[in-house]
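Where a number appears in this text, it was derived from the coordinates with a stated rule and is not lab data. Quantities reported herein were computed from a predicted structural model and do not represent experimental measurements. FYI the Cβ positions are ideal-geometry reconstructions off the backbone, even for glycines, and counts take in every protein chain you see.
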Amino acid sequence: MHSDSAGERLQKVLARAGIGSRRACEALIGQHRVSVNGEVVRQQGVRVQPGDEIRIDGELVPTDPDLVVLMLNKPFGMVTSMSDERGRSCVGELVSDRSERLFHVGRLDAETTGLLLLTNDGELAELVTHPRHEVSKVYRATVVGPVPASVGRTLRGGVELADGAIAADDFRVVSEHGDQSIVEIRLHSGRNRIVRRMLAEVGHPVQNLVRTQLGPLRLAGLRPGVLRELRDDEVRALYAAVG
């Protein structure tokens, strides 16, 4: 922290990060709820430098003005890669006009639609996808046949697959229509095609699959193939989800 002319005033940085007005940010500082590089700020007028770690109530405040985090509703048939040697449609085509170097955060197979993140923060991408952070993912699947209650108990208890045991964090039947059911499954594993393999293992192959939620983020009506930038509060919630 700096109290001289070096850097930028803390309340200005917080306001630009979407925390609130400068006056509201000054109030947070006055309540000793803000820390910089692990040290609680106890006076107004403190200045910070790029790269300083700023937290409010212990939660990280992303302050990099160049940070980009995009949400995409990945369409059916699109490959999760920034380019494709085989000429297949890929998510990189949707951001080819942007100047930032973007990474996709995890993957969805070509037949799965739904929520996918793109960012220029490679560290954030790694944190979100690393198993130790247990960022949950919610999928909605159309499956074959009516689904008895015992299936949910089995999935929550764990099933044995070729690459090891796996359990759902939660499972519910949303609706049933004749010989099809719509189910919702929550888990934090990032294994390849894991939802399809789990549901096939319990006798209900997937016909259609969409990821509707990733950590605190929800797809919330975004049309297939459409991108939007995350709001400041969504970015902060995402950083909080990975500690």
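When the range 167-184 is limited to residues that are hydrophobic (A, V, I, L, M, F, W, C) and outside any strand (DSSP E or B), the one that is nearest to N208 (Cα to Cα) turns out to be A168.
Counting only residues that are out of contact with any Leu (no Cβ under 9 Å at 6 or more places or on another chain) and not in a loop (DSSP other than H, G, I, E, B), the range 145-166 holds 12 of them. Being surrounded by fewer than 22 Cβ atoms within 10 Å (Cβ to Cβ), small (G, A, S) and under 25 Å from E184 (Cβ atoms) is the filter here; which residues of the range 114-148 pass it? Hits for the range 114-148 are S136, G145. Among the residues that make up the range 27-45, is at least one of them over 26 Å from L127 (Cα atoms), of a type in the set (A, V, I, L, M, F, W, C) and surrounded by fewer than 18 Cβ atoms within 10 Å (Cβ to Cβ)? Yes.
Return the residue satisfying two criteria in turn: it lies in the range 190-202 and is within 20 Å of the chain's Cα centre (by Cα) and crowded, with 16+ Cβ neighbours inside 10 Å, and of such residues it is farthest from V138 (Cα to Cα). Checked the range 190-202; the qualifying residue farthest from V138 (Cα to Cα) is I194.
Of note, V174 satisfies the criterion of being loosely packed, with under 13 Cβ neighbours inside 10 Å, within 24 Å of the chain's Cα centre (by Cα) and over 28 Å from P65 (Cα atoms).
In this structure, L155 qualifies as among the hydrophobic types (A, V, I, L, M, F, W, C), over 19 Å from L227 (Cα atoms) and buried (at least 20 other Cβ atoms within 10 Å of the Cβ). Per the listing M78, M82, the residue uniquely touching a His at 6+ places or on another chain (Cβ under 8 Å), among the hydrophobic types (A, V, I, L, M, F, W, C), more than 21 Å from A240 (Cα to Cα) and buried (at least 16 other Cβ atoms within 10 Å of the Cβ) is M82.
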